[in-house]
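Visitor: Please read through the structure below; I'll follow up with questions.
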Protein chains: 2
Amino acid sequence: MKNETIHIAIVEDDNEIRQTLTLIIDGTEGFSCKYAFPDGESAMASIENLPIDVVLMDIDLPGKSGIEVTRNLKKTCPELDFIMLTVQSDDDSIFESLCVGASGYLLKDTNPADLLVHIKEVYEGGSPMSSQIARRIINSFRIIDNPLSERETEVLKLLSHGMNYKEVANDIFLSPHTVKTHIKNIYSKLHVNSRAEAIYKAIKQKLI
Amino acid sequence: MKNETIHIAIVEDDNEIRQTLTLIIDGTEGFSCKYAFPDGESAMASIENLPIDVVLMDIDLPGKSGIEVTRNLKKTCPELDFIMLTVQSDDDSIFESLCVGASGYLLKDTNPADLLVHIKEVYEGGSPMSSQIARRIINSFRIIDNPLSERETEVLKLLSHGMNYKEVANDIFLSPHTVKTHIKNIYSKLHVNSRAEAIYKAIKQKLI
DNA sequence: CTTGAAATACCCCAAACGAGCGATTGACTC
DNA sequence: GAGTCAATCGCTCGTTTGGGGTATTTCAAG
């Protein structure tokens, strides 16, 4: 268990929320919050040179959104952890946040005690999020349903690695003609008519 | 807040753990645990006809793994929620579990009180998981880095929808020659030499 | 100021591809 | 025992693709 002080910065446009959070965090043993910014631009100008561990980032900022700001800061400070704060969760902003490198995603009505716990979790390598948000994320992993046979899936996987008819045929000991037939069947099952689209659809549907 | 009793089944090969969990859960107000199975086969034979809301599924079962069992049961009972239990978390089994439809993923050393809370969360549509596990999942969303220019990305996206040179060219008002040049540059940047592999790599690296 | 990347456009050519045909075998279902 | 489907093998033909070049403009970074 680490016992050092965790250094936190806040990016939040609402003055009241920002000041309240700052006071709560900075007033708690083990937490320090000396930097708070009302917008993304000022945060981006300063944060990379500050001794910060975790950033609390509002998503709905004036000017550049918290997601944009996080994307930029993650480039220059990859080890910095970001916890996104938002009033309401919508799927798009959750996924965008995760894609740009956020470590946690919390609703603004999270109570202060929990917030501090979550900051600590992030600092220790975790990713706090409500179980409702987690459910949305893992739902994106579900496989819808797989119309392809085993052999077809095998062929498609090899195609996705850039092999052509002959190479696939050699790899799985078939005639190139058979491979071609499989591919034709794959196309018809996926309702596509090119390799590119087949692979795109197959990946999106988690078939390969 | 729902107040009905939550009906639970357990699949766990260790007799002691199974019996302990059953007693704890069944002995708690609002929870019922009348079914427990020592292996996947017996679970698969019975569960689909039982009045169950949530299944606690051990991953390391003798015979078929808990992941396999979950995959099968999710097909016949899509509304059933599964919480995977495991002694130690490795990335592969986490992702496999999520892909086959698990709703939660918990370590076996989770204390009983928390376990009950997590069962309730799943029942109410959440997906409990430790923040360490959540971190691993969201890390899979990170974009590594994007060598492609905007125009190239645009072209690659259109290619992934099955368009050929000419169609792409028409779509973005370019000469087919230019499209071809872009594609050649894409291939060289991604170190591939076919459309199929380019799309595969691009999706895996979240470029499109 | 110049080097480089990005975006644009063009040419040739051999190899690969997709569409359209047909066919046999074995397994599983109704 | 008729029918379906996966898996295997085969052919032709016209189109598309990928690799090899070359060249201009623009715009940002060094």
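Visitor: Can you name the residue in the stretch B:103-129 that is open to solvent by 10 Å² or more (accessible area, probe 1.4 Å), within 13 Å of A:SER130 (Cβ to Cβ) and assigned to a loop (DSSP other than H, G, I, E, B) and is also modelled with the highest pLDDT among such residues?
Guide: B:GLU124
Visitor: Can you tell me which residue is farthest from DNA strand D (Cβ to nearest atom) among those in the stretch A:179-195 that are away from chain B (no Cβ under 13 Å) and open to solvent by less than 50 Å² (accessible area, probe 1.4 Å)?
Guide: Just the residues of the stretch A:179-195 that are away from chain B (no Cβ under 13 Å), to begin with: A:179-182, A:184-185, A:188-189.
Next, only the ones that are open to solvent by less than 50 Å² (accessible area, probe 1.4 Å) stay: A:179, A:182.
Details: A:VAL179: 8, A:HIS182: 5 Å.
Step by step, filter the stretch A:179-195, then rank; the result is A:VAL179.
Visitor: Turning to a different aspect of this structure: Could you run through the stretch B:142-167 and say how many residues are more than 11 Å from every other protein chain (Cβ to nearest Cβ) and open to solvent by less than 50 Å² (accessible area, probe 1.4 Å)?
Guide: Summing the residues that are more than 11 Å from every other protein chain (Cβ to nearest Cβ) and open to solvent by less than 50 Å² (accessible area, probe 1.4 Å) in the stretch B:142-167 gives 5.
Visitor: In this structure, does A:ARG136 turn out to be facing chain B (nearest Cβ under 9 Å), surrounded by 14 or more Cβ atoms within 10 Å (Cβ to Cβ), of a type in the set (D, E, K, R) and assigned to a helix (DSSP H, G or I)?
Guide: Details: facing chain B (nearest Cβ under 9 Å): yes; surrounded by 14 or more Cβ atoms within 10 Å (Cβ to Cβ): yes; of a type in the set (D, E, K, R): yes; assigned to a helix (DSSP H, G or I): yes.
Considered against the rule, which asks whether it is facing chain B (nearest Cβ under 9 Å), surrounded by 14 or more Cβ atoms within 10 Å (Cβ to Cβ), of a type in the set (D, E, K, R) and assigned to a helix (DSSP H, G or I), A:ARG136 comes out as yes.
Visitor: Residues of the stretch B:23-43 being aliphatic (A, V, I, L, M), surrounded by 18 or more Cβ atoms within 10 Å (Cβ to Cβ) and without any contact (Cβ under 8 Å) to a residue 40 or more places away in the chain, which ones?
Guide: So in the stretch B:23-43, the residues aliphatic (A, V, I, L, M) come out as B:23-25, B:36, B:43.
With the extra rule that they be surrounded by 18 or more Cβ atoms within 10 Å (Cβ to Cβ), the set shrinks to B:25, B:36, B:43.
Result: B:ALA36, B:ALA43.
Visitor: From B:ALA196, B:ALA202, which residue is part of a helix (DSSP H, G or I) and touching a residue at least 12 places away in the same chain (Cβ under 8 Å)?
Guide: On the way: B:ALA196 fails: touching a residue at least 12 places away in the same chain (Cβ under 8 Å).
Being part of a helix (DSSP H, G or I) and touching a residue at least 12 places away in the same chain (Cβ under 8 Å) holds for just one of B:ALA196, B:ALA202, which is B:ALA202.
The values are calculated or read from the model by the stated rules, or taken from the named source; none is laboratory data. Keep in mind it's a predicted model, so treat the numbers as computed, not measured. Methodologically, a virtual Cβ is constructed for each residue, glycine included, from the backbone with ideal geometry; neighbour enumeration extends over all protein chains shown. To get the accessible areas, we keep the full protein, side chains included, count just its heavy atoms, and leave off ligands, DNA and RNA. Shrake-Rupley method; radii C 1.70, N 1.55, O 1.52, S 1.80 Å.
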